[in-house]
Amino acid sequence: MNTSVDTHAWRLILAHGLQQRGNQHGWRSAAGVLALVALPALAAMAWGGSTQRLLVPLGLSVAVVVTAWCLLVGNLLLQNQPHAARLVPGHVGRLRQVLLLAWLLASLVVTAALLAGGLTLVPAWLLAAGGLALLGLLVRWPLGWIPVSLLPFPWAWLLPAGGWSEVTAVLQQHPLRVVALSGLIAPLLLAGMLGDGGRAHRSSHARAQRWRDMARSDGTWQASGKVGLLAGLMNGPYRQQLQRLSAQPGPHTVAGRLMLGLGPAVHWTAQLSGTVLYGGILVLVCLGSLWIPISFADFLRAGSFGLTIGLMSALMSPLTSLGRALARTRAEQGLLVLLPGVPRGRALNQLLARQWLRQFGLTWLGGLAVAVAVMAYSGAPRELLLPFLLAYLLPIATVWGDWSRLPAGGHGAARVVLAVVLTAFFGYALVRWQGVPLGLIAAVQLAVAGAVGWRAWRLQMAAPQALPVGRLA
C-alpha cells in the first residue's frame, strides 16, 4: 500500500474535520466559546500579578493546542472506518502520518510553553509528549480515565519518600536516552489506535457504535456485555418508574407520566443514576486515600474543588442536556399532550415550570449541603467553592422560556457550562485579586439569578404551549 508523503491527501484529511464542524455546528458557536474563554484570561492578566501575566498566556496556548489535538484525534478516529481502511489504498498510512506529525508539532509547542514556564528540557518534553499521547489514547478508550484517576495515589506515596527527586536525577543523567525512548514508545502507541480493517478493528468499531446507541437511547434500549451492564445501571431507575406509573393511571400521576415521556435524559432518575455512579467512584477514591500518608481531612481539602465539580455535574447533568434531549423526543411529545388529564396552553407551561424548578432546585440544594459539609469538615476555601456553587443558579433560571421556538438541534450544553465557569471564575477573581467581600459576590450572584429567573418565568408563562418543542421555530 502506498503510504508515501502526500501533502494533498493530508490537506483533505485535515479539511474533513473543518467541513464537518461547519456543516453540523457552524462556526458562530465556536467563535463565541473562544471569546468567552479569553475573558477570564484577560481578567487574570489585568487583576493578577506578574506571575499571572506570564502563566496565563502560556496556559491559554497549551489549552488551545491540547483542545485542537483532542479534536483532531477524534476526527481521525471517525475517518478510520473499517471498510475504508480495508478498501482504500494508503488510507490508514496517511491517517497515521497526519496523527504522528500533529503529535510531534503539538508536543514541541507545549514543550516550549513549559520551558517558558520554568521547567527544564527533559521533564517538559516528557510531560508534553507523554501527556498528549495519553490524551490521544483516552480519546480512543474513554474508560481509561478510571485507572488514570488513580495516578495521584502513587504520586502522593513517592513525594514524601523523596522518590520523585530520584526519578528526576535519573532522567537528567540520561536525557538523550529518555527523549529517544519517549519518541519511540508514544508514536507506536498512537499509530496502534488506528485500525487496518481487520477483525479487531471491525469488532472495536461495532462496540463503539453500541456505546453511541446507548448514549442516544430512549431508556428502553437493550444490550449485552459491559454496554448492557452500564445501560442497566443508568436506565434501570427510569424503567422502574415507567412501569410503576404506567400501572397507576389517574389524575395524580399525570405530571409524573408526562415527565417520563420527555425521555430519561431529562428525568430525575438520570440525576439519581449519575449521582450513584459518581458516589461509587468517590467511595473507592476515599478508600484509596487511606493508604496515602496524609490525613483524610487534608486529602478532602485538596480535592474539594474536584469533588464539588463532579457532584454538581452528576446532579445537574439533565440541566446541561435539556435542550437537545427535548429536541430528540419532539415526535413523542405530540402524543404526550393528547394523554387524558394533560393540561394545555399556559397550564402546561406552568406544570413544566414547576416540575423543573422542583427537580433542579432541590438537587442544587442537595449539592450545596454536601459542599458545605465538606468545607466545614476539611476547611476547604470558601472563596473558591461558593462562587462555583452559586453559579449553577443562573442556568437553573434559564430552563424557563419559549420552548415552542427551540431550534431544531436544541440548545447545546456549551452555553450552560460556560455560564457556570465564567460566573464562578469572575466571582473568585474579584474576591482573590480585588478584595471584594465574598458575601457581596454571593448577594450579586443571587440577585442576578433571581432577576434572570423571574424574567424567564414570565416569558414561559406568556409563551405558546411548550410541547411539542420547536414547532414554531
Report task. Work out from phi, with θ = phi - 60° and the Karplus expression 6.51 cos²θ - 1.76 cosθ + 1.60, the ³J(HN,Hα) of each residue of the stretch 356-362, listed in order in whole Hz, and give x for Gly and Pro. Result -> 5, 5, 5, 5, 7, x, 5
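Going highest first, how would you order 89-96, 65-72 by mean Cβ packing within 10 Å? Display every interim value, and only then the final one.
Values: 89-96: 19.1, 65-72: 17.0.
Highest to lowest by the protection proxy: 89-96, 65-72.
Roughly how many debye, to the nearest 20, is the charge dipole of the stretch 337-471 about its Cα centre, given +1 on each Lys and Arg Cβ, -1 on each Asp and Glu Cβ, and no other charges? Each step should come with its number before you reach the end.
On the way: 11 positive and 2 negative charges, 87 e Å.
With Lys and Arg at +1 and Asp and Glu at -1, about 420 debye.
Counting other beta carbons within 10 Å of each Cβ, put PHE296, PHE425, PHE360 in order, fewest first. Present the calculation step by step, with values, prior to reporting the outcome.
Values: PHE296 13, PHE425 18, PHE360 23.
Lowest count first: PHE296, PHE425, PHE360.
Checking the a/c ratio against 1.5 first, then a/b against b/c, what shape does the Cα gyration tensor give for the stretch 411-473? Provide the component values of the computation, followed by the final result.
Values: a/c = 6.04, a/b = 2.14, b/c = 2.83.
Oblate.
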Report summary line: Diffing the stretch 271-279: the Karplus 3J(HN,Hα) column from phi (6.51, -1.76, 1.60, θ = phi - 60°), in whole Hz with x for Gly and Pro, holds 5, 5, 5, x, 5, 5, 4, 5, x
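Determine the gain in length on full extension of the stretch ARG53-CYS70; use 0.36 nm per residue of separation and subtract their C-alpha separation, reporting nm with one decimal.
Values: separation 17, 0.36 × 17 = 6.12 nm, distance 2.65 nm.
Length difference between fully extended and current span is 3.5 nm.
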Query - Phi to ³J(HN,Hα) by Karplus 6.51 cos²θ - 1.76 cosθ + 1.60 over the stretch 418-432, Hz, x for Gly, Pro - result: 5, 4, 5, 5, 5, 4, 5, 5, 5, x, 5, 4, 5, 6, 6
Report summary line: For LEU18, LEU394, LEU127, ascending order of other Cβ atoms within 10 Å (fewest first) is LEU18, LEU127, LEU394
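Please give the peptides 56-64, 129-137 ranked by average Cβ packing (other Cβ atoms within 10 Å per residue), highest first, as a rough proxy for protection.
Values: 56-64: 15.8, 129-137: 19.3.
Highest mean packing first, the order is 129-137, 56-64.
Starting with the fewest neighbours, write out SER203, SER273, SER313, SER107 ranked by other beta-carbon atoms found within 10 Å of each beta-carbon.
Details: SER203 12, SER273 20, SER313 17, SER107 25.
Exposure proxy ranking, most exposed first: SER203, SER313, SER273, SER107.
FYI, it's all coordinate maths here, none of it is from the lab. Worth saying up front: this structure is predicted, and the values here are computed from it rather than measured. When we count neighbours, we look across all protein chains shown, and the Cβ atoms used for this are built from the backbone with ideal geometry, even at glycine.
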